[in-house]
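The values are calculated or read from the model by the stated rules, or taken from the named source; none is laboratory data. Computed from a prediction, not measured in an experiment: that's the story for all the values here. Heads up, the Cβs are rebuilt from the backbone with ideal geometry, glycines too, and the neighbour counts pull from every protein chain shown.
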Amino acid sequence: MLANEKRKAVKIIAIIVVVIIVIILLLNPGVQGVLKSIFIDPFQKSYPEYTTFTVERTLTIEANGGTVFNYTLDLPVPEDISENGNELQELISISAQPNPAIDDRYSLDWMEWEGYGPVGQSTRTVTITYQMRISTFIWNIGTDKVGNISDIPASLKSAYLDDEWRIIVNHPDILQRSEAIVGDRTNVKDALSAIYDWITGNIDYSYSSPTLPKTSVETLSSGRGDCDEQAILFCALARAAGIPAWLQLGVLYDPFLEAWGGHGWVQTHLPLGGGEGVNVTIDTVNSDFLVWRPNRFADFTDDGNASHLNDYYFSFYCSYDPTSYSEGETPSFGQEFEAVEYQESENRVRMDDFAMFFDISQLLILPGTFQVPARR
C-alpha cells in the first residue's frame, strides 16, 4: 500500500515538473516563435515585403473593316506614392512605343497619342512598359486610436461626400442601406469596418464587360459587382455616413494566373487626433482591409471631380465613317497585359509584424464621334 502511494506521489511530482518545464519553455520567445511558425503562420494571411516587376500594356485599335478618320488615346503616368516616409509605390522607369506627347492634366502627367486611321483590317497599336517597385503596408491601427467622423478634415468632406459620376450617394436605397449598416457608430474605423463586412458578405463578385461600371445604386440592387463597382458602392455607402471615400484605380497582378488586369479599390481617411490622420486603402474583392498590397500599382487617384474620373475611364476616342460599316458594327478598342518579370521578396509580413513597429505618433497626411470607355 505504501509502495503504491509512493509511486503515485512520484508520478504527481513528475507531472508537476513537466508542466513547469513546459510553462518555462512557452515563456521563452524563441520557443514561441517556433510554435507560431508551425501552428499559426501557415493559416495567417501574409504578404511579400515588396515586389519588383516589369509589365507591358498593349492598346489596340481595330478598324473592323471600316474607315477610322482619326483617334486619340491617353493614359496617366503612375506617380511615386509614399506613406509616413515609406515608399509604397516607386516608378523605376516607363517607356512607350510610339513615343507619346505629355500633357499636364489634373496635376498628373498624361501620355497622349493621336493619329489617322486605321482602315479596313489594319490596326493601330501602342505599347507601354512599366517597371515598378511596390512595398506592402498595413495600417494596423486600433479602433481606440482612430477619431470620430466629426474629426475628419473639412477639405476631405468638401471633396468626397457628394454624388460623383457613378458614385450615387443621395438616393433613398443608398441612404437607407448606409444607415442600416453604420447605425449609431461614430468611430471612423468602426464604421468603415461595418461597411466592409457588409459588402464582402452580401455583394458577390461578378466580372462586367468592358463598358461603364454600374452605378452604386445598380450594384446595390443587383447584389453583384466587379472590383471598381464594389469600390463605387463602398464609396457611396461611406459618403452617405459622412465619411469621405474615393476611388483609386490601376493594374493588379494575379500570381496564380500569372496575369495582369485593370483593378479598382477604395481610398479613405482615418483621423488620429491632434489634426493628424492617414489615408488608407480598402479592397473588398481581395479581402484587404487597411492593406496596401504589393501586387498592384495605381495610376489614378480620384480627386473628387466627376469629369476627371469620367476622363480616366474614356481613354479612347475616335471619329469614323458610319457608312463604311454594316449595321451594329463599329471600330473597337482593347488592351492586354503581359507579365515580363515579377519577383517577390523572400521576406513576408503579417498584420502582427506591423503592430510591433507601427508608430501612430509619426503618421502624417499625404498629402458621329465614337467614344469607347476603357475599363481599367
Tell me which strands (runs of 3 or more DSSP E) are completely within the range 62-154 and hold 2 or more residues being of a type in the set (A, V, I, L, M, F, W, C), or say none if there are none. 68-76, 86-97, 101-105, 108-116, 123-135
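Does at least one position in the range 168-184 carry a residue that is in contact with a strand residue (DSSP E or B) (Cβ under 9 Å, 6 or more places away or on another chain) and within 27 Å of Val251 (Cα to Cα)?
There is no residue in the range 168-184 that is in contact with a strand residue (DSSP E or B) (Cβ under 9 Å, 6 or more places away or on another chain) and within 27 Å of Val251 (Cα to Cα).
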Kindly indicate which of Ala96, Ala63 is touching a strand residue (DSSP E or B) at 6+ places or on another chain (Cβ under 6 Å), farther than 26 Å from His308 by Cα and modelled with pLDDT of 80 or more. Ala63
All but one of (1) in contact with a Gly (Cβ under 9 Å, 6 or more places away or on another chain); (2) modelled with pLDDT under 95; (3) within 25 Å of Ile199 (Cα to Cα) hold for Phe297; which doesn't? (2)
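Is there a residue in the range 214-232 that is of a type in the set (S, T, N, Q), modelled with pLDDT under 95 and surrounded by fewer than 24 Cβ atoms within 10 Å (Cβ to Cβ)? So that I can check it myself, show each step before the final result.
Of all residues in the range 214-232, those of a type in the set (S, T, N, Q) come to 215-216, 219, 221-222, 230.
Now drop any that are not modelled with pLDDT under 95, which leaves none.
Scanning the range 214-232 turns up no residue that is of a type in the set (S, T, N, Q), modelled with pLDDT under 95 and surrounded by fewer than 24 Cβ atoms within 10 Å (Cβ to Cβ).
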Count of the range 237-249 residues which are surrounded by fewer than 19 Cβ atoms within 10 Å (Cβ to Cβ) and in a strand (DSSP E or B): 0
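Would you be able to say whether some residue in the range 67-86 is aromatic (Phe, Trp, Tyr), surrounded by 10 or more Cβ atoms within 10 Å (Cβ to Cβ) and modelled with pLDDT under 95? Quick ask: steps written out before the conclusion?
Of the range 67-86, the ones aromatic (Phe, Trp, Tyr) are 69, 71.
Now restrict to residues that are surrounded by 10 or more Cβ atoms within 10 Å (Cβ to Cβ): 69, 71.
Okay, now just the ones that are also modelled with pLDDT under 95, so none.
No, the range 67-86 has no match at all.
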Counting just the residues of the range 347-357 that are of a type outside the set (A, V, I, L, M, F, W, C) and not in a loop (DSSP other than H, G, I, E, B), which one comes out modelled with the highest pLDDT? Arg348
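Quick check on Ser37: is it surrounded by fewer than 18 Cβ atoms within 10 Å (Cβ to Cβ) and at pLDDT 75 or above?
On the way: surrounded by fewer than 18 Cβ atoms within 10 Å (Cβ to Cβ): yes; at pLDDT 75 or above: no.
Criteria not met by Ser37.
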Need the failing condition index for Asn170 against (1) loosely packed, with under 13 Cβ neighbours inside 10 Å; (2) in a helix (DSSP H, G or I), just the number. (2)
Working only within the range 115-132, note down all residues that are within 26 Å of Asp302 (Cβ to Cβ) and either of a type outside the set (Ser, Thr, Tyr) or at pLDDT below 95 (or both). Val126, Ile128, Gln131, Met132
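Give, as residue ranges, the strands (runs of 3 or more DSSP E) completely inside the range 256-346 that count at least 1 residues that are under 16 Å from the mean Cα position of the chain (by Cα) and buried (at least 20 other Cβ atoms within 10 Å of the Cβ). Step through it out loud before you land on a result.
Working: elements: 259-273, 276-283, 296-301, 316-320, 332-344.
The strands (runs of 3 or more DSSP E) meeting that bar are 259-273, 276-283, 296-301.
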